[in-house]
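Undergrad: Please see the structure below; I have some questions.
The values are calculated or read from the model by the stated rules, or taken from the named source; none is laboratory data. Given the structure is predicted, the values throughout are model-derived calculations rather than measurements. No Cβ is skipped: glycine too gets one built from the backbone with ideal geometry, and neighbour counts run over all protein chains shown.
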Amino acid sequence: MYDLIVIGGGVNGTGIARDAAMRGYRTLLVEKRDFAAGSSGANSGMIHGGVRYLRHDRHVTELACIDSGYIQKIAPHLLFRIPFLFPIRAKDPSRPTTTERLFRYAVEVYLGTYDRYQPAKSGKPSVALSPEEAYALEPSLARDLVGAVSFDEWGIDPFRLCTANALSAKAHGADLLTYATVVSIVRGDGGRVQGIVVRDEATGEELRYDGRVVFNAGGPWAPRVAALAGVEVKLRPGKGVHLTIDRRVSNYGVICQAADGRDVFVLPHEQTAIIGTTDDDFYGDPDDLRVKEDEVKYLWEAAVRSLPAVAGARVLRAWAGIRPTVWEYAKTEDALSREHAIYDHTKDGAPGFVTMVGGKLASYRIMAEEAVDEVERILDLPHRSCMTHLTPLPGGEGVPDPAELAEGYGLSEPTAERLIYRHGRKAVDICELARREPRLQAQVCRCEQVIAAELVFSIRHEEGRRLLDLRRRTRLAMGPCQGTDCAAQAAALLAREARLSVGDYHKELYDLMQVRWKGNRAVLDGDGLAQQELSRGIYLGAGALASAPFEPHESAPAYGAFRDEAQRGAVKATSPDGAESRDAPRAGEAHE
Amino acid sequence: MIGVGVSKPIAVDVLVIGGGAAGAFAALAARERGATVAVVRRAWAATALSSGAADVAPDPLSNARTPLGGRMSVIESARHLASRRPDHPYAALQGRLALLPAALDFASRQTGGRLSFAGAERENHAFLSPMGLPKLSAGGLDSIVAGDLLGVSGTIGAVGFDLHPIVDARLLAAAANEAARRAGLPLRAVPIECDFLRRSGDSLLRPHEIAARIDDDPERLVESLRRALPIDRPQRLLLPPVLSRRDPRPVLEALEAGLGIPCAELLAAGESVPGVRLQQALEARLDEAGIELIHGEVYAASGAEGDATEPRPHTVGDSMIGIRMRGAAPPNGVVASDWPIEAGAVVLATGKFIGGGIRREGRLREPIFDLPVWIGDQVDEGSWLGDRTAYELRDPQPALRAGLRIDEELHPLLRDHRLLSPRLFACGDVLAGNDPAEDGAGIGLAIFTGYLAGLEAAAAAGLSLAGFVTAGESPSGERTPDSDEAEGR
């Protein structure tokens, strides 16, 4: 019997699982794909203070800034400073109109207000710059400025943030189940929610887990999860599209104005830059997100207008996510509150069932804290203190020095630096692994400096089970070559490590290339077409991968979801028809 | 890298633009007919990245369950492709597919056997792909063709290096066994992991660096393999495609002499050592044949010496003029320059997206002559390619088949199906209707269309076509009047 079952492996679900496990509650986290496979992995990757929300939700800004400060303390390796420029332009910069001058003044005041919250997140105060100063800082800016204002934000790898939270939960005793879809919610007397039945996506096996509270952290899927309990949860989902380009075009994050006057930005991120984002009401299926021509053009136009250098870059991919925004009517998308909401469904006739929606990546921790407080209230338990803002996430304690690590293990310094960025202190464990197994010293991904040992470490210790999971854990196949150079070797490593069948090896490889293609095809242009010709030539031409006998399906994993720890938590197994209980098979049985 | 910067105006019978497989065989075919030929190319392109196989056409019955398909002959397979895919270049050239055997022979002969084909009347070879899947192909570099799975029975050794990830021998052997089982081949594969790459940092070596190591000391590889061989010795060894940077034959001989086992190379993926070898072999052959290989970029000028009143490329008498080239600095750094070109005929062999023969700049373009680029039976007007592709990676992707449409004499067509010039020809990947990865017509298509384009160009330049004309058809470009302007553009 679990105290808490959390559904959803995004930043909310993993954050709640960590918080609950650290307070000593017996916790199970269930995710139908992988950590951060949905919205939590499809955002700008910013632990920002929410400057955009200052207009509508000053409270959200304040919370976000305070919590951003905590996240820096618990995951110092995972954050990077992003200085931003807000350029202020004029039709004729030599003679700005009154409106243009007023706008400049308004931006200075606005960002000046934001400065009040900056100390909470160790942010630097804003500075009003002359055009010459702005050009000196960021030579790629279009030459039509009457000034610019700097402000300060933090970036993060959201995939690693979620993984780190999940792993921390596990270290504190929680059980994790990925590639396990909740198919029903078990009800008892008075409609009380007693547990869930999940389906192992690899085997089709169904298992029941009992819990005192079932927490729905399904993000865009929250309404569907709630429906399993017969409860209606309403969202105002917003689709956000980003583009990734093949290089860092600017030193600063640059705010750009889109055709409709909305602010979008160009953001240096790892070895690439991100252009984002759109915000449009979304009525479709969150499992089938496709990017449209107008979304790409909208972002591209805005970016090129402010940073002409973007026009010389290659768009690698377009990607989309869904904001699980709290339902409100008669408001524009941008004006929607980024506040979160926690619903105790007792009043809906489903006691023991709780849903959280809304909120921002940046304030996930405080939201998780509130969520667990709510669980304690519902169960009428004495309050235990939240420690998630004080205890470092895995790897966050004593981050090593890149130069020393490089020297000590014979790595190049950039490789050591990337390794430490992603893993913090755990980078040392990865280097030790490479020392013990020299085969794992090979650099698999040259775009993002991923060595074989890092992939194997993710498989052994980070619940990395599919090639697509390794992509999320390590940025494999996320750089300029989009997997062309690294996918085959990475799949071979996974196959050996996880003892995959030949068919599953081909499927893993194909599915990674399919996911890459999904993002590439929306932005086929210029050199991107050459990249496709090469990539297809290797995998479908020389590799004959399309002739492999498998049914491609993105969400089906190559091997069983149920691990030993979680096995113990399964109190009762039911066959799909619900007739008889039976023992579940052991994980990876087919491979042993 | 062979080639010179241009230092004078070019006047030749046949100008070939593009130095990959299509351009090289076009040049060699025209040269064999007695034409003076120059090849202008900007850089190495897709041929140097190719796997070492030379695909002509896939077996139409090949699928996951029956990987060897109907074991149809190569030419039958090509005819099949032509009949089921009216947009494919083979469909436009349907009446000339009888020349496919001659084209493949020509390629073999010209490369001194480096490119080897079973013959167009024989079935495809079955190679082991780098991902361990059966890959059907008409031929390829001889070191690779030696690994044809149809030609062995018994045990094959899948060779890898124990500390280098270029080939995971265990995975490859497992995959080969699976492939053999599905194909019903009497084969068993065993993994062989040798210790050739054991020095500190060796796991970081790229394929060309491994090839250099082997060139330096092939005997050390022989020794390493001897130690790694199982007692039950395999009948053939399949090695990673890194046996030599230039010519693997001496290494293969050393291996076979030292181990007593026939050896072959696997197909390459990505950074392809065999691809570079093929490119270099073609260039060496061009040089031998007296064909000038020039580094440069060809462009259509606005008439002579910048006279903007003249329309672009046009035919005057026996020559095509109005094209110029900028010399690009080759690796040895010859000064860039700009010269007019006069040619009796021009062959476009500029490749697709990698080669730069087709580029998207707002719309899909052919950058030299601004010929219309077709997707299916439509000229692209700047459509969003997201709409011209399928969601599923392995489904046909019309946008990636974009290119030039040709008539049966390989003249690229204008929008109204007229010709820009009867002296202009196109071949290879620049042609529409073929996605080499998905359609299974790669270097083989380049050879076939390059060969035909070379013959046509030589004919258009006024040289003899004795012994070439088949079925009473006229291969020369006289069926349309010389068009001084590009109508309808």
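Undergrad: Just to be sure I understand, how many residues within segment B:327-359 are at pLDDT 85 or above and either in a loop (DSSP other than H, G, I, E, B) or among the hydroxyl-bearing types (Ser, Thr, Tyr) (or both)?
TA: Of the residues in that region, 10 qualify.
Yes or no, residue by residue, for (1) within 14 Å of another protein chain (Cβ to nearest Cβ); (2) surrounded by fewer than 23 Cβ atoms within 10 Å (Cβ to Cβ); (3) under 30 Å from A:ARG58 (Cβ atoms):
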position	(1), (2), (3)
A:VAL241	yes, no, yes
A:ALA258	no, yes, yes
A:PRO324	no, no, yes
A:ALA330	no, yes, yes
A:ALA341	no, yes, yes
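Undergrad: When you look at B:ASP142, is it within 20 Å of the chain's Cα centre (by Cα), more than 14 Å from chain A (Cβ to nearest Cβ), surrounded by 19 or more Cβ atoms within 10 Å (Cβ to Cβ) and not polar (S, T, N, Q), yes or no?
TA: Numbers: within 20 Å of the chain's Cα centre (by Cα): yes; more than 14 Å from chain A (Cβ to nearest Cβ): yes; surrounded by 19 or more Cβ atoms within 10 Å (Cβ to Cβ): yes; not polar (S, T, N, Q): yes.
So B:ASP142 fits the description; yes.
Undergrad: Which of the residues belonging to segment B:192-212 are under 31 Å from the mean Cα position of the chain (by Cα) and either without any contact (Cβ under 8 Å) to a residue 40 or more places away in the chain or part of a helix (DSSP H, G or I) (or both)?
TA: First, pick out the residues of segment B:192-212 that are under 31 Å from the mean Cα position of the chain (by Cα): B:203-212.
Answer for segment B:192-212, where residues must be under 31 Å from the mean Cα position of the chain (by Cα) and either without any contact (Cβ under 8 Å) to a residue 40 or more places away in the chain or part of a helix (DSSP H, G or I) (or both): B:SER203, B:LEU204, B:PRO207, B:HIS208, B:GLU209, B:ILE210, B:ALA211, B:ALA212.
Undergrad: If you don't mind, another one. Does segment B:237-245 contain at least one residue that is of a type outside the set (A, V, I, L, M) and surrounded by fewer than 15 Cβ atoms within 10 Å (Cβ to Cβ)?
TA: Checked against the condition, which is being of a type outside the set (A, V, I, L, M) and surrounded by fewer than 15 Cβ atoms within 10 Å (Cβ to Cβ), segment B:237-245 yields no hits at all.
Undergrad: Tell me which residues, restricted to segment B:64-92, are of a type in the set (A, V, I, L, M) and within 14 Å of another protein chain (Cβ to nearest Cβ).
TA: Across segment B:64-92, the qualifying residues are B:ALA64, B:LEU68.
Undergrad: Shifting gears a bit: All but one of (1) assigned to a helix (DSSP H, G or I); (2) β-branched (Val, Ile, Thr); (3) modelled with pLDDT under 95 hold for A:VAL571; which doesn't?
TA: (1)
Undergrad: For segment B:46-55, does any single residue satisfy the condition of being of a type in the set (Asp, Glu) and either away from every other protein chain (no Cβ under 14 Å) or under 16 Å from B:ALA289 (Cβ atoms) (or both)?
TA: no
Undergrad: Considering (1) free of Cβ contacts under 8 Å to residues at least 60 places away in the same chain; (2) more than 25 Å from the chain's Cα centre (by Cα), say which one A:ALA341 fails and leave the rest.
TA: Among (1) free of Cβ contacts under 8 Å to residues at least 60 places away in the same chain; (2) more than 25 Å from the chain's Cα centre (by Cα), A:ALA341 violates only (2).
Undergrad: Another question, then. So the check is Cβ under 6 Å with 6+ separation or different chains; which pairs have a first residue in segment B:250-272 that's away from every other protein chain (no Cβ under 14 Å) and at negative phi and a second one that's polar (S, T, N, Q) and in a loop (DSSP other than H, G, I, E, B)?
TA: As it stands, the answer is B:VAL251/B:SER244, since those pairs meet every condition given.
Undergrad: So which residues in segment B:222-247 are more than 14 Å from every other protein chain (Cβ to nearest Cβ), assigned to a loop (DSSP other than H, G, I, E, B) and under 30 Å from A:VAL450 (Cα atoms)? Walk me through it before giving the result.
TA: Kept after step one, since they are more than 14 Å from every other protein chain (Cβ to nearest Cβ), are these residues of segment B:222-247: B:222-239, B:242-247.
Subset that is assigned to a loop (DSSP other than H, G, I, E, B): B:229-235, B:242-247.
Passing the criteria: B:VAL242, B:LEU243, B:SER244, B:ARG245.
Undergrad: Is it the case that segment B:460-473 has a residue that's at pLDDT 90 or above and in contact with an Asp or Glu (Cβ under 8 Å, 6 or more places away or on another chain)?
TA: Yes, segment B:460-473 contains at least one residue that is at pLDDT 90 or above and in contact with an Asp or Glu (Cβ under 8 Å, 6 or more places away or on another chain).
Undergrad: Report, by residue number, each residue of segment A:302-335 that is assigned to a loop (DSSP other than H, G, I, E, B) and of a type outside the set (D, E, K, R). Please lay out each step first, then the result.
TA: Pass one, segment A:302-335, residues assigned to a loop (DSSP other than H, G, I, E, B): A:307, A:313-314, A:324-325, A:327-335.
Listed by number, the residues that qualify are A:LEU307, A:ALA313, A:PRO324, A:THR325, A:TRP327, A:TYR329, A:ALA330, A:THR332, A:ALA335.
Undergrad: Let me confirm something: among B:ALA102, B:ALA29, B:ALA24, which residue is crowded, with 24+ Cβ neighbours inside 10 Å, more than 14 Å from chain A (Cβ to nearest Cβ) and either free of Cβ contacts under 8 Å to residues at least 40 places away in the same chain or more than 30 Å from A:GLY543 (Cβ to Cβ) (or both)?
TA: None of the other options fit; the residue is B:ALA29.
Undergrad: Determine which member of the set A:ALA174, A:ALA148 is modelled with pLDDT of 95 or more, over 30 Å from A:ILE274 (Cα atoms), buried (at least 20 other Cβ atoms within 10 Å of the Cβ) and aliphatic (A, V, I, L, M).
TA: When all the criteria are applied, what remains is A:ALA174.
Undergrad: Could you pull out the residue among B:SER83, B:SER116, B:SER129 that is over 17 Å from the mean Cα position of the chain (by Cα), of a type in the set (S, T, N, Q) and closer than 25 Å to B:PRO241 by Cβ?
TA: From the options B:SER83, B:SER116, B:SER129, the qualifying one is B:SER129.
Undergrad: If you don't mind, another one. Residue under question is A:THR278, and the condition is that it be of a type in the set (Val, Ile, Thr), under 25 Å from A:GLN514 (Cα atoms) and assigned to a loop (DSSP other than H, G, I, E, B); does it hold?
TA: In short, yes.
Undergrad: Follow-up question, since we're still on this one. Any residue in segment B:236-247 that is on the phi < 0 side of the Ramachandran plot sitting within a Cβ distance under 7 Å of a residue that is polar (S, T, N, Q) and surrounded by 23 or more Cβ atoms within 10 Å (Cβ to Cβ)? List the pairs, counting only those 6 or more apart or interchain.
TA: Here the result reads B:LEU243/B:SER143, each pair linking segment B:236-247 to a residue that is polar (S, T, N, Q) and surrounded by 23 or more Cβ atoms within 10 Å (Cβ to Cβ).
Undergrad: When segment B:360-401 is examined, which residues are found to be outside any loop (DSSP other than H, G, I, E, B), surrounded by fewer than 20 Cβ atoms within 10 Å (Cβ to Cβ) and either within 8 Å of another protein chain (Cβ to nearest Cβ) or touching a Leu at 6+ places or on another chain (Cβ under 8 Å) (or both)?
TA: Those that are outside any loop (DSSP other than H, G, I, E, B), surrounded by fewer than 20 Cβ atoms within 10 Å (Cβ to Cβ) and either within 8 Å of another protein chain (Cβ to nearest Cβ) or touching a Leu at 6+ places or on another chain (Cβ under 8 Å) (or both): B:GLU361, B:GLY386, B:ASP387.
Undergrad: Okay, next question. Taking the residues in segment B:272-317 that are touching a helix residue (DSSP H, G or I) at 6+ places or on another chain (Cβ under 9 Å) and assigned to a loop (DSSP other than H, G, I, E, B) as candidates, determine which candidate is modelled with the lowest pLDDT.
TA: Among those residues, the one meeting the criterion is B:GLU310.
Undergrad: List every residue pair whose Cβ atoms lie under 8 Å apart, where the two residues are 6 or more positions apart in sequence or sit on different chains, the first residue falls within segment A:421-440 and is farther than 26 Å from B:GLU193 by Cβ, and the second residue, located anywhere, is of a type in the set (D, E, K, R) and surrounded by fewer than 19 Cβ atoms within 10 Å (Cβ to Cβ).
TA: Note: pairs meeting the criteria are A:HIS423/A:ASP429; A:GLY424/A:GLU397; A:ARG425/A:GLU397.
Undergrad: Are any residues in segment A:439-484 polar (S, T, N, Q) and away from every other protein chain (no Cβ under 14 Å), and if so, which ones? It would help to see each step written out before you state the result.
TA: Of all residues in segment A:439-484, those polar (S, T, N, Q) come to A:441, A:443, A:449, A:458, A:474, A:482, A:484.
Those that are polar (S, T, N, Q) and away from every other protein chain (no Cβ under 14 Å): A:SER458, A:THR474.
Undergrad: Right, another one. Condition check: over 15 Å from A:GLU463 (Cα atoms), at pLDDT 95 or above and either in contact with a Lys or Arg (Cβ under 6 Å, 6 or more places away or on another chain) or assigned to a helix (DSSP H, G or I) (or both). Does A:ILE16 satisfy that?
TA: On the way: over 15 Å from A:GLU463 (Cα atoms): yes; at pLDDT 95 or above: yes; either in contact with a Lys or Arg (Cβ under 6 Å, 6 or more places away or on another chain) or assigned to a helix (DSSP H, G or I) (or both): yes.
It is true that A:ILE16 is over 15 Å from A:GLU463 (Cα atoms), at pLDDT 95 or above and either in contact with a Lys or Arg (Cβ under 6 Å, 6 or more places away or on another chain) or assigned to a helix (DSSP H, G or I) (or both).
Undergrad: What number goes with the only condition from (1) over 28 Å from A:ILE245 (Cα atoms); (2) modelled with pLDDT of 95 or more that A:ASP469 does not pass?
TA: (1)
Undergrad: Of everything in segment B:223-235, what is surrounded by fewer than 21 Cβ atoms within 10 Å (Cβ to Cβ) and either at pLDDT 95 or above or closer than 18 Å to B:GLY160 by Cβ (or both)? Give them in sequence order.
TA: The first filter runs over segment B:223-235 and keeps only residues surrounded by fewer than 21 Cβ atoms within 10 Å (Cβ to Cβ), leaving B:223-224, B:226-233, B:235.
Across segment B:223-235, the qualifying residues are B:GLU223, B:SER224, B:ARG226, B:ARG227, B:ALA228, B:LEU229, B:PRO230, B:ARG233, B:GLN235.
Undergrad: Which ones in segment B:221-250 are under 25 Å from the mean Cα position of the chain (by Cα) and of a type in the set (A, V, I, L, M, F, W, C)?
TA: Taking segment B:221-250 first, the residues under 25 Å from the mean Cα position of the chain (by Cα) are B:238-250.
Selection gives B:LEU238, B:LEU239, B:VAL242, B:LEU243.
Undergrad: A further question follows. State whether the residues of segment B:213-221 include one that is assigned to a loop (DSSP other than H, G, I, E, B), of a type outside the set (Ser, Thr, Tyr) and either farther than 27 Å from B:LYS135 by Cα or modelled with pLDDT under 95 (or both).
TA: Within segment B:213-221 (the criterion being assigned to a loop (DSSP other than H, G, I, E, B), of a type outside the set (Ser, Thr, Tyr) and either farther than 27 Å from B:LYS135 by Cα or modelled with pLDDT under 95 (or both)), the answer is yes, since at least one residue qualifies.
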